[in-house]
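Before any comments, here is the structure.
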Amino acid sequence: MAGKVVTVDRNTKPGIAPILLGHWITLKNLLSTLFGRGLATVSFPEQKRKTSGRYRGIHILTQRDDGSPKCVACYMCATVCPAECIHIEAGERPEATIEKYPTRFEIDLLRCVYCGFCVDACPEEAILMSRENDLVGTSREELIIGRDQLMDRGKLAEYGQGYHPDAHDVRRPVRIAALERLKSEHGIVPGPPPRRD
Amino acid sequence: MPKCTINGKEIEVAPGTTVIQAAAQLGVEVPHFCYHPDLPIDGNCRMCLVEIEKMPRLQIACNTTVAEGMVVHTGSEKAVQAHRTTLEFLLVNHPIDCPVCDQAGECYLQDNYMGHGLHESRIELEEKVHKRKIVDLGPIMLDAERCVLCSRCLRFEANVTGTNSFEFVRRGDRTEIATFENRPIEHNYSGNLADVCPVGALLSHDFRFKTRVWFLESTDSVCAGCSTGCNARIDQRDGIIQRLVPRRNVEVNKSWLCDIGRMSYKDVELTSRVSGARVKGASSGDGVSMETALDSVAVKLKEAGKAAAFMASPQATNEDLFAFKTLAENSGGTLDFRVGNPQDRLQVREDSVLLRADRNPNTQGALDLGMGKDGVDAIVKACESGAIKVLVLQGPELLRSAEATNAIRKVPFVVVMATHESPELEAAHVVLPTTMWAEVDGTFTNFQRRVQRIRRAVPAPGEARPRWEIAGDLLRRLGAPMAGTSAREIFLALAAATTDYKGLDYRAIGHTGRVLGGKPEAATASAPASA
């Protein structure tokens, strides 16, 4: 595609009108920020920016009613993680219904790219994201957070829940695409055939 | 030789070949659960149904012998529909707990239902028949809910070990496998039960919850636990071996591996590995760099000349032994090798399946290279009389034998290549760190005289070097460098110098090894006569 050639005559004098126009724009913005609602900045950290319900902030590990982690240490999140920031060690818990649970679950928040794939991959809805986004630490070690910190995070109430699967089922389009591929390439229609009563 | 056509491809097979085997030869995989190439055919899972022209009904591929002119379709609409139906029956009471099941990723059931897209079950989880889970059978964990009742474990117990531990109990959809009174599996082949189980019903206790299988990187190798030389696969993650599993070789170990061999990977990861060289009386404590240690050994070897003795180890690879032999010939000293490890008080000496009493993987290799002529006793006597000035040991076995320790104490300079720290290393003046079987490339020759490849799967600790490299470094310092600088090149030199190995190279050995011509020489008295 050929670009359009614009010829500008730089010898013409612009006159006073464009200058006044520029001043007007500046003045308008000044007035709107002083008296109106057009303020673009917030006084962080006293004030927080509003984020959407799908905001991908620091992770949450959800709990069962008895306070144990919902996570079954299936390593799906660690498998899908493009930053390889999730480290899990599994242990045995013979008394529970599901015998496998994470003895260690660490996320390196400095390596994490906050893509939310771990949330999509989790079969148990055990990992969600919060809207917490002010990540501060004085050392790298401090920002590798463990299982108990992920389960019990004080700031959660303040920020609220972020990206989680039921609010926005991102897996659905992927699943539908996979099913369509199965049908077109292999002629397989998944799911049980309809019952004939 | 009957000829048949499978999915449009023609193949001629040996008489008695079944359809599933013929398909496998063509690279066509027929889905199956109960069929196992090294177990008798049972034909109970009904998964391998295929359509055969002119036969009114679908036939099971595992138990149908190929006949002349047979035309088989494994992927026809009728066959696939049968697979789906069978699969759905198998999944009726399956708990679908793949997230916590160690089999996930190498599970036949999972692969098949993903392939057929059977993601939804017609039975609610609450309506399913529940069976026993987390039953601890010693080295094996049983989860009866995951079982597809293929009877592979029953047939393994009946035909391979002859122990018959498992039996089906109850009837109908409540059928499950069980051992009598939940008694643990006690034979030496329990690990194979987890391997033969196509689903997650029998799982290894050792591998339980360690990692997911898709993180593992595999290397084909050979078990170094005894002179059988079972073909094995080393599965490692981040340089740490997670498990050792058998690799099929019909001539050696079929699809099996004994528990003693299976657990031998743990020695590789022990924290007591020797990682740096030590020289007694060195100015900087005992620890020195590898180069300094080798320099001091080379100086002593030059001084000693014919008064040096060399003791090879049957734990070493053929390459190690050849380099060591070259070193011994160069200095003109005496050479022999030590069979057996006298400190091993073997509880299980050998059985009729795989395990052999000679727990050294390469005794035959040492014999093939012409070692075992000067005589261990002669060398020990020479040490005793003070004729030996330098003694180089390829492994610490001799230091452990009570009758040799006194003699060795009289030798002014003892060099030992060691893998693990142990008290008897005190007797050595120089300790050189060396590698174990999972950390080197090389070859072992098993008791059948089959030369088999081992491959490097994990890095060696610290400064540890392969034994052939240590011998090569010493030879360079003595002014007669080896021809090769890699295991492959040294094997070529070995093949050129040894009659039976003529014409062999790593490519010719391949994945399942090569049997040498001629009869195996009888090992010394400590080795068993037969398997």
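Here are some notes:
- Ranked list, fewest to most other Cβ atoms within 10 Å of each Cβ, for B:K410, A:K50, B:K502: A:K50, B:K502, B:K410
- Lys/Arg +1, Asp/Glu -1 at C-beta; chain B dipole; positive extreme among B:G372, B:T219, B:I177: B:G372
- The alpha carbon convex hull volume per residue for chain A rounds to 330 Å³.
- Taking the helices alone, the protein assembly as shown has a mean residue ellipticity at 222 nm of -7000 deg cm²/dmol, built from -39,500 (n - 2.57) per DSSP H run of at least 4 residues and averaged over all its residues.
- Selected from B:A104, B:M114, B:M70, residue furthest toward positive end of dipole (the stretch B:60-172; charges at beta carbon): B:M70
- Cβ-to-Cβ counts within 10 Å put B:M47, B:M263, A:M151 in ascending order as B:M263, A:M151, B:M47, the fewest first.
- log10 of Debye I(q)/I(0), alpha-carbon scatterers only, for the stretch B:262-411 at 0.12, 0.13, 0.21 Å⁻¹: -0.59, -0.69, -1.50
- Rg to Rh quotient for the stretch B:3-88, alpha carbon positions, Kirkwood Rh: 0.93
- In terms of packing, defined here as the mean over residues of other Cβ atoms within 10 angstrom, the peptides B:504-512, A:26-34, B:271-279, B:97-105 line up highest first as B:97-105, B:271-279, B:504-512, A:26-34.
- Average 1/r across all pairs of distinct alpha carbons in the stretch B:182-276, invert it, and you get the Kirkwood radius: 14.2 Å.
- Using every pair of distinct Cα positions in the protein assembly as shown, the Kirkwood expression returns a hydrodynamic radius of 31.0 angstrom.
- Distance between the pseudo-spin-label points of B:M55 and A:L110 (7 Å out from Cα toward the beta carbon): 6.5 nm.
- Measuring max minus min along each principal axis, the C-alpha atoms of the stretch A:1-117 give extents of 85, 46, 21 Å (largest first).
- Reciprocal mean inverse distance between Cα atoms of the stretch B:134-206 - Kirkwood radius, Å: 12.0
- Angle of helix B:487-497 to the longest C-alpha principal axis of chain B, folded into 0 to 90 degrees and rounded to 10: 70°.
- Translational diffusion coefficient (Stokes-Einstein; Kirkwood radius from C-alpha pairs) of the stretch B:165-225 at 20 °C, 1.002 mPa s, in µm²/s: 150
- The residues packed around A:D108, meaning those with a beta-carbon under 13 Å from its beta-carbon, carry a net charge of -1 if Lys and Arg are +1 and Asp and Glu are -1.
- Over the stretch A:59-174, the hull volume per residue, using the convex hull of the C-alpha atoms, is 112 Å³.
- Under 26 Å from A:K50, Cα to Cα: lysines that are on another chain or at least 8 residues apart: A:K28, A:K155
- Unit charges on C-beta of K, R, D, E only; dipole of the stretch A:59-174, Debye: 240
- Using a cut-off of 21 Å between Cα atoms, the listed pairs A:K70/B:K131; A:K70/B:K128; B:K9/B:K78; B:K9/B:K254; B:K280/B:K306; B:K3/B:K54 include A:K70/B:K131; A:K70/B:K128; B:K9/B:K254; B:K280/B:K306 as exceeding that distance.
- Sorted by Cβ density within 10 Å, fewest first, the residues B:T326, B:T405, B:T363: B:T405, B:T326, B:T363
- Rounded to the nearest 20 debye, the dipole size of the stretch B:3-88 about its Cα centre is 200 debye, using +1 on the Cβ of Lys and Arg and -1 on the Cβ of Asp and Glu.
- The charge dipole of the protein assembly as shown, taken about its Cα centre with unit charges on the Cβ atoms of Lys, Arg (+1), Asp and Glu (-1) only, comes to about 1520 debye.
- Neighbourhood net charge (13 Å Cβ-Cβ; Lys/Arg +1, Asp/Glu -1) for B:E384: +1
- Near B:I234: Cβ cut-off under 12 Å, other residues only, Lys/Arg at +1 and Asp/Glu at -1. The net charge is +2.
- Stokes-Einstein D (µm²/s) once Rh is taken as the Kirkwood radius of the stretch B:394-499 over alpha-carbon pairs, at 20 °C in 1.002 mPa s: 137
No value in this document is a laboratory result; all are computed from the given coordinates. From a predicted model like this one, the values you see are computed outputs, not experimental measurements. Neighbour counts are summed over all protein chains in view; Cβ atoms, including those assigned to glycine, are modelled from backbone coordinates with ideal geometry.
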